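Encoded as structure tokens, the structure appears first; notes follow it.
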Amino acid sequence: MAKNTMTLTDNRSGKSFEYNIIDGTRGPSVVDIRSFYKDSGMFTYDPGYTSTASCESKITFIDGENSELRYRGYDIADLAGKRSYLDVSYLLMMGRLPTKAESEDFDLEIRHRSFLNEGIIRLFDALPDGAHPMATMGAATTALSAFYKDHLHLEDEEEFKTMRRRILAKMPTIAAMAYRNSIGTPLIYPDVNKYFTENFLYMLRAYPGGNMKYLGGGKNDEIKQVEVDALDAILTLHADHEQNASTTTVRNVGSTEAHPYVAISSGIAALWGSAHGGANEKVMDQLRLIGDVKNVPSYIAKAKDKNDPFRLMGFGHRVYKNRDPRAETLKKLQDKLKEELNLDSKLLDIAHAVEEAALSDDYFKDRGLYPNIDFYSGVILTALKIPVAMFTPIFVIGRIPGWISQWSELKQDPTHKIARPRQLYTGN
């Protein structure tokens, strides 16, 4: 019977080293090389962790070759738009979908935990006018650790549960207040009568006194249910994505025994980069740069020219070698909501032309450059009247249950160690 091991041989010396292969429930197996340095005196070299599994996890599974994304075993297509974002958050944090009664209780708890300590709100005044909401969100999230010091030492599951639900509930409030503070408008407090996603849109759009924009004739620009459903689906699609740059950052900071909200703040910082969470802003900038459908062929040509620095934003993904399953769901949502949300037809036409041109071109197909989630989410968020500066904060709101579940999984693993990569030194 074949052994479940792999043998590595140093051809310089002829020495061989045998390592166990560990099989997961889905996806590639891994070679356990934790003793490799002790055995061989060498490090492995894997910049960007392209072939390195840094942890064991039961939360999210991605099969990039087959365009598969699962939360706790559930296919993303069976969750986005079919279960509420809060139900999906419960799933990620608790390991199972809630019953009807649990869903109602969870919703009620999140509503009442959404308020911020006034000390945190005063923090906004200390930041400069026009500060990017992501900067403010990072500062406010770090400040939460000062107000909830007891979360630094969690003893049992109930304490973990309270910590997770608290940050989930408060992030939309932090995001909405960060934006309003950046443009100098009065802050709007949460309304416990509103569901999570509607409450965020309300805090973003409302006028003092809780009124929505007055349209005349006794009518106000009320939040439509279709808007709530669309944003809820977008949040669900961003809820977790395995061991990406920001999640790995959260885990690495968590491994130092830092406060969980400090770890989340570090994730916010990592997500801000345009190569990660800020990509959908770049997609919208690029669609506006193209300007007209007739200009699409010339920009496609620029994207294919290796001597041209122009890069087509919203295409391709580090993990998905074919289609991004989240993009497939958003495309269907975009088509469904085109009329109901009165989506920007010019931007949609340009986006459609770019998509068609790229999908019919062997250059993009051969390289696995298909539209990703950022390509579609920007257009939908624009239709929801979300300012471009808030695109990445929306990503943060959506990702909280994933980050905090990953942090909890790390902390509750008795074998976890502080993250400490090694290097190949090439200096003097």
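The values are calculated or read from the model by the stated rules, or taken from the named source; none is laboratory data. Everything numeric in this text was worked out from a predicted model, so none of it was measured. Glycine also receives a Cβ, built like all others from the backbone with ideal geometry; neighbour counts cover every protein chain displayed. What goes into the accessible areas is simple: the full protein's heavy atoms, side chains included, and nothing from ligands, DNA or RNA. Shrake-Rupley method; radii C 1.70, N 1.55, O 1.52, S 1.80 Å.
Laid out as a table, the results:
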quantity: Among (1) open to solvent by 10 Å² or more (accessible area, probe 1.4 Å); (2) within 21 Å of F196 (Cβ to Cβ) - the single one D366 does not satisfy; calculated: (2)
quantity: Test result for S377, open to solvent by less than 40 Å² (accessible area, probe 1.4 Å) and among the hydroxyl-bearing types (S, T, Y); calculated: yes
quantity: Check on K194, of a type outside the set (A, V, I, L, M), open to solvent by 10 Å² or more (accessible area, probe 1.4 Å) and closer than 22 Å to A383 by Cβ; calculated: yes
quantity: Residues within segment 254-278 that are closer than 12 Å to T392 by Cα and among the β-branched types (V, I, T), tallied; calculated: 1
quantity: Pair list, Cβ under 8 Å, 6 or more apart: segment 47-74 residue free of Cβ contacts under 8 Å to residues at least 60 places away in the same chain, other residue in a helix (DSSP H, G or I); calculated: R70/I76; R72/L91; R72/L92; Y74/L91
quantity: Residue in segment 407-419 that is without any contact (Cβ under 8 Å) to a residue 60 or more places away in the chain and either closer than 27 Å to S57 by Cβ or in a helix (DSSP H, G or I) (or both) present; calculated: yes
quantity: Verdict on L86 being in contact with a helix residue (DSSP H, G or I) (Cβ under 6 Å, 6 or more places away or on another chain) and either surrounded by 13 or more Cβ atoms within 10 Å (Cβ to Cβ) or free of Cβ contacts under 8 Å to residues at least 24 places away in the same chain (or both); calculated: yes
quantity: Residue check for G278: modelled with pLDDT under 90 and of a type outside the set (S, T, Y); calculated: yes
quantity: Odd one out for F36 among (1) surrounded by 14 or more Cβ atoms within 10 Å (Cβ to Cβ); (2) within 30 Å of Y74 (Cα to Cα); calculated: (2)
quantity: Total residues in segment 150-169, condition closer than 26 Å to H132 by Cα and open to solvent by less than 10 Å² (accessible area, probe 1.4 Å); calculated: 4
quantity: Hits in segment 340-378 (condition: in a helix (DSSP H, G or I) and either under 17 Å from the mean Cα position of the chain (by Cα) or on the phi > 0 side of the Ramachandran plot (or both)); calculated: I373, D374, F375, Y376, S377, G378
quantity: Residue in segment 417-427 that is farther than 16 Å from S255 by Cα, among the hydroxyl-bearing types (S, T, Y), open to solvent by 50 Å² or more (accessible area, probe 1.4 Å) and modelled with pLDDT under 95 present; calculated: yes
quantity: Residues of segment 264-312 that turn out to be surrounded by 15 or more Cβ atoms within 10 Å (Cβ to Cβ) and on the phi > 0 side of the Ramachandran plot, as a count; calculated: 0
quantity: Residue that is aromatic (F, W, Y) and not in a helix (DSSP H, G or I), where the choices are F61, F106; calculated: F61
quantity: Identity of the residue in segment 134-191, among the β-branched types (V, I, T) and modelled with pLDDT under 95, that ends up farthest from the chain's Cα centre (by Cα); calculated: T185
quantity: Residue identified as closer than 28 Å to R420 by Cβ, not in a loop (DSSP other than H, G, I, E, B) and not assigned by the TED database to the domain that holds R251 among I21, I33; calculated: I21
quantity: Selection status of R111, over 29 Å from D191 (Cα atoms), open to solvent by 30 Å² or more (accessible area, probe 1.4 Å) and of a type in the set (K, R); calculated: no
quantity: Residues of segment 90-103 satisfying the condition of being small (G, A, S), part of a loop (DSSP other than H, G, I, E, B) and in contact with a helix residue (DSSP H, G or I) (Cβ under 6 Å, 6 or more places away or on another chain); calculated: none
quantity: Residues (in contact with a Phe, Trp or Tyr (Cβ under 8 Å, 6 or more places away or on another chain), under 16 Å from R288 (Cα atoms) and either without any contact (Cβ under 8 Å) to a residue 24 or more places away in the chain or in the same structural domain as P28 (by the TED database) (or both)) located in segment 304-361; calculated: F310, E355
